[in-house]
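To start, the structure under review is shown below, and the notes come after it.
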Amino acid sequence: MATEAAMKLETSSRLACCTPEKEGYLLKKGGRHASYHRRWFMLCGNMLLYWERQGDPHPLGLILLEGSTVTLRNSKLEFAFSLCSVSRVYKMAAESQRELELWVRALLSANLGYTKTLLGELRTQYLSLTKGHIELCSRSQTDEFSGECQWGARFGVLHQWLGEEVARLRNANRIDSPRNEIHVP
């Protein structure tokens, strides 16, 4: 019991410092029961926590999303999907098509592997736009955890160069100008 209380305290203190990427109600099929229950979910980093109701002090469960996949599925419920974690398959449903799309996007983005793949694609696109005008790193400067290159320039110099590069690309109509509104794809 002492371990359970310590885990609840530790989880609660970490959540107090966490700004959730996504939160809201989802229907979750019980592990032992065939019925769905409406639960309040909060996505923080690569952790998906859920409570019986919004505002409850302690989560009912925690799902680690690393290595997980999300798939749409056929069900009696219209907006159903499966979250396949390393340890279990969770059957869930959103309350609308829009919420389904937002949850699936958020859950996929929480997986570090997906984020690294996306970052690699963005880096490739960026390098093709700049046509190699800047060397991103020297072979001797690597991140000790991932082996990826680090920028060799100081922040001020890099910031100035990137500002000039963005302006040049905008003038060449290769990237869109900034807008006053935020658009979520």
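The values are calculated or read from the model by the stated rules, or taken from the named source; none is laboratory data. Because the structure is predicted, anything quoted here is derived from the model rather than measured. Cβ coordinates were reconstructed from backbone atoms using ideal geometry, including for glycine residues, and neighbour counts include every protein chain displayed. Accessible surface is based on the protein model in full, side chains and every heavy atom, while ligands, DNA and RNA are left aside. Shrake-Rupley method; radii C 1.70, N 1.55, O 1.52, S 1.80 Å.
Surface composition of the stretch 56-116: carbon and sulfur make up 58 percent of the accessible area, probe 1.4 Å. Each residue of the stretch 78-122 gets 71 Å³ once the volume of the Cα convex hull is shared out per residue. Net charge in the neighbourhood of Lys28 (other residues with Cβ under 12 Å of its Cβ; Lys, Arg +1, Asp, Glu -1) is +4. Scalar couplings 3J(HN,Hα) for the stretch 81-89, obtained by applying the Karplus form with A = 6.51, B = -1.76, C = 1.60 to θ = phi - 60°, are 8, 10, 10, 9, 8, 5, 9, 6, 9 Hz; x denotes Gly and Pro. Residues in the stretch 44-59 carry Karplus couplings, in order, of 10, x, 9, 10, 10, 9, 9, 10, 5, 9, 4, x, 4, x, 10, x Hz; the curve used is 6.51 cos²θ - 1.76 cosθ + 1.60 with θ = phi - 60°, and Gly or Pro positions show x.
Using the Cα coordinates of the stretch 35-105, the gyration tensor eigenvalues translate into equivalent-ellipsoid semi-axes of 18, 16, 12 Å, sorted from longest to shortest.
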